[in-house]
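Below you'll find the structure, written out as structure tokens, and then a few comments.
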Amino acid sequence: MAAIELRNVTKKFATADGGTFTALKDISLTVADGQFCAVVGPTGCGKSTTLTLISGLESPSAGEVFVDGKPVAGIDTGTGFVFQQDAVFPWKSVLDNVSAGPLFRGVDKSAARAQARDWIRRVGLSGFEDRYPHQLSGGMRKRVALAQTLINRPRVLLMDEPFGALDVQTRSIMSTELLNLWDQTRPAVVFVTHDLEEAIALADNVIVLTAGPGTVKAEFQIDLPRPRVVQEIRFDPRFVATYERIWEALRDEVKEAYARTTTSVAPDGARDVA
Amino acid sequence: MKGAGRMWTRRRRLVIALQVTVLVVWLGGWELAARTRVIDPFFFSQPSAVWSQIVTWATQGTSQGSLSEQIMVTLEEAAIGFVIGVVAGVVAGIALGRIRILADVFAPYIKVANSIPRIVLGSLFIVAFGLGLTSKVLLVIVLVFFGVFFNAFQGTREVDRNLMANAKLLGASRWKVTTEVVMPSAFTWILASLHVSFGFAIIGAIVGEFLGSDRGLGNLIRSAQGNFNQSGVLACMVLTAVIALLAEFLITRLERRLLRWRPPQHGDADLAVL
């Protein structure tokens, strides 16, 4: 049974001027149990919207979303979500942040803390238990966010450009660590990114969305062997071949999305160029 | 670094020297103007007379008992009313911020209540509850409540959507979202409102005493006014200012303690001066 399934899903939002904006149009996709699926597409193609629909934070305007064969109705606690921006609680220490999930779910305090210490060790933050988020680097805060989500052992893990704000080196290190952590609990993952390299390095399959309103343009299997080391995998000739193949599909969409943004800001942009 | 440090202390010394100069020019000018009869000390008093009035009250007592008793009475009214007003404001603000239907129902009433001159209620309370503590405490509560309420309400509405979504996905109930996310987040706003609110508390206590009482600083002001003792009125003002500054100091300490998790803010240095 598929861990995640979207069936002909459309999502529209009301805009400020009273109109509607279609983020996703008639999109269908499935992610198998334990599969790592990356979703790529140009800016504004509705990548993040797919995640909010799977998580139950939003509901579709048409079509159906299933997690573990059951239709999604509201937030499901079997789903983990790693946000693009920092969503760790700034007023909680690292230990309290990581133990928040088990505590919310009714685990008693000492057990929750023991679990949290274990996960803090797994993400390599031992010794930082008492720090507040503002005392950590961006990469360390991401580790806290990962531990905070994974401690709940989600069956479905949703990630919205989680490493987008990190520098390039930290980003590839974190990606490798993500793969190691994923291997420990093997949830089904939907990883949204605009970075095709990141998507190929991490995923079992890559889904390319069209420029908004988003729908599936093409799907590619990635046959690179695991375990992978993200820092080095891009030199593999198979990686390069795969990249070329997928870029072929993605290029037109990126061009299309870019053309739209440039025409819509042209009156202002023209002055900048001059 | 060292050079910068020295520059900083030099600047600091200059600021302090200028501050002392301003004080000396102001008080000295006032004293001099009064002594040379440029202004009439009968109407505008003079610093030395105000000071000797405070000394007289402190050593020989006032017409209505010892000075410390008057201060304690006013402080008691202000403190009790302040605590009740703050608690009520915080609870009401968070409740209305979290529960949409409550906000919709009460919004017009709160707008009306906020726009009437609430200080007038003092007269009503004196008649209904007599010259004692109750009438003053009620007036203080009415004055303190709204400032705290609006800040708590706004603070609740401004909570980062990502943090709320994250807490829900981690398994937090609605109540847990309120206590673990909304309240710590809104506390920044609430604490900011306490500075102004304590000023209102003192005003409420003094006006309440002024309207009808047999003890307290407000009563002392009234009897000084009745005797054309302008030095007495100003002496009470000075004493009130000292109380307010002490309270301000304590609130700032509390704020630092409760907001330890916050990164150092640029504005903090300026606030410390105030």
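Read-outs throughout are calculated quantities, based only on the coordinates presented, and are distinct from any laboratory measurement. Computed from a predicted model, the values in this text were never measured in an experiment. Note that each Cβ is placed from the backbone with ideal geometry, even for glycine, and that neighbours are counted across all protein chains shown.
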>> Among DSSP bridges having both ends in the protein assembly as shown, what percentage is antiparallel? Round to the nearest 5.
In response: 55
>> What does the C-alpha gyration tensor say about the overall shape of chain B? Classify as rounded when a/c is under 1.5, otherwise prolate if a/b is larger than b/c, or oblate.
In response: oblate
> Averaged across the residues of A:75-86, what count of C-beta atoms belonging to other chains lies within 10 Å of each residue's C-beta?
Replying inline: 3
> Which ³J(HN,Hα) values in Hz, rounded to whole numbers, follow from the phi angles of the range A:240-250 under the Karplus curve 6.51 cos²θ - 1.76 cosθ + 1.60, where θ = phi - 60° and Gly and Pro get x?
Replying inline: 4, 4, 5, 4, 4, 5, 6, 4, 3, 6, 7
>> I'd like the distance separating the alpha-carbon centroids of the range A:1-74 and the range B:205-226, in whole Å.
In response: 68
> Of A:66, A:235, A:128, which has the largest mean-square fluctuation in a 10 Å C-alpha GNM of chain A?
Replying inline: A:235
> Under a 5 Å amide H to amide H cut-off, with H placed in plane at 1.01 Å, what residues pair with residue A:217 once short-range neighbours are removed?
Replying inline: A:208, A:209, A:210
> How many percent of DSSP beta bridges within chain A run antiparallel, rounded to 5?
Replying inline: 50
> For peptide A:99-108, how many partner chain Cβ atoms fall within 10 Å of a residue's Cβ, on average?
Replying inline: 4
> How large is ³J(HN,Hα) for each residue in the range B:137-146, as worked out from phi by the Karplus curve 6.51 cos²θ - 1.76 cosθ + 1.60 (θ = phi - 60°), to whole Hz, x for Gly and Pro?
Replying inline: 4, 4, 5, 4, 4, 4, 6, 6, 3, 5
>> Just to be sure I understand: with springs between alpha-carbon atoms less than 10 Å apart, which residue in A:30, A:176, A:262 has the highest mean-square fluctuation in the Gaussian network model of chain A?
In response: A:262
> What 222 nm value per residue comes from the helices of chain B, counting each DSSP H run with n ≥ 4 as -39,500 (n - 2.57) and dividing by all residues, nearest 500 deg cm²/dmol?
Replying inline: -27000 deg cm²/dmol
> Could you give me the ³J(HN,Hα) list for the range A:16-29, computed from phi with Karplus coefficients 6.51, -1.76, 1.60 and θ = phi - 60°, whole Hz, x at Gly and Pro?
Replying inline: 4, 8, x, x, 10, 10, 8, 8, 10, 10, 6, 9, 10, 7
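List, in the order given, every pair from A:47/B:176; A:11/A:217; A:92/B:168; A:92/A:142; A:25/A:255 whose Cα-Cα distance in the structure shown is over 25 Å. Present the calculation step by step, with values, prior to reporting the outcome.
Numbers: A:47/B:176 30 Å; A:11/A:217 17 Å; A:92/B:168 16 Å; A:92/A:142 15 Å; A:25/A:255 20 Å.
Check vs 25 Å cut-off fails for A:47/B:176.
Checking the a/c ratio against 1.5 first, then a/b against b/c, what shape does the Cα gyration tensor give for the protein assembly as shown?
Working: a/c = 2.66, a/b = 2.31, b/c = 1.15.
Verdict is prolate for the protein assembly as shown.
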>> How many angstrom lie between the Cα centre of the range A:193-242 and the Cα centre of the range A:82-109?
In response: 31
> Taking chain A as a Gaussian network, where each spring joins two C-alpha atoms under 10 Å apart, which residue of A:98, A:254, A:240 fluctuates the most?
Replying inline: A:240
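With each run of n ≥ 4 DSSP H residues scored as -39500 (n - 2.57), what mean residue ellipticity at 222 nm is computed for chain A after dividing by its residue count and rounding to the nearest 500 deg cm²/dmol? List each step's numbers first, then the result.
On the way: 9 runs with 112 residues, N = 274.
It comes out at -13000 deg cm²/dmol, rounded to the nearest 500.
Neighbouring Cβ atoms within 10 Å as the yardstick, rank B:48, A:59, A:172 fewest first. Before the final figure, lay out each step's value.
On the way: B:48 15, A:59 12, A:172 21.
The fewest-first ordering by Cβ neighbours comes to A:59, B:48, A:172.
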>> Using a 7 Å offset from Cα along Cα-Cβ at residue A:244, what residues in the range A:204-237 end up with backbone N under 13 Å from the label point?
In response: A:237
>> Can you give me the long-range amide H partners of residue A:82? Hydrogens built in the peptide plane at 1.01 Å from N, cutoff under 5 Å, separation of 5 or more residues or another chain.
In response: A:158, A:159, A:160
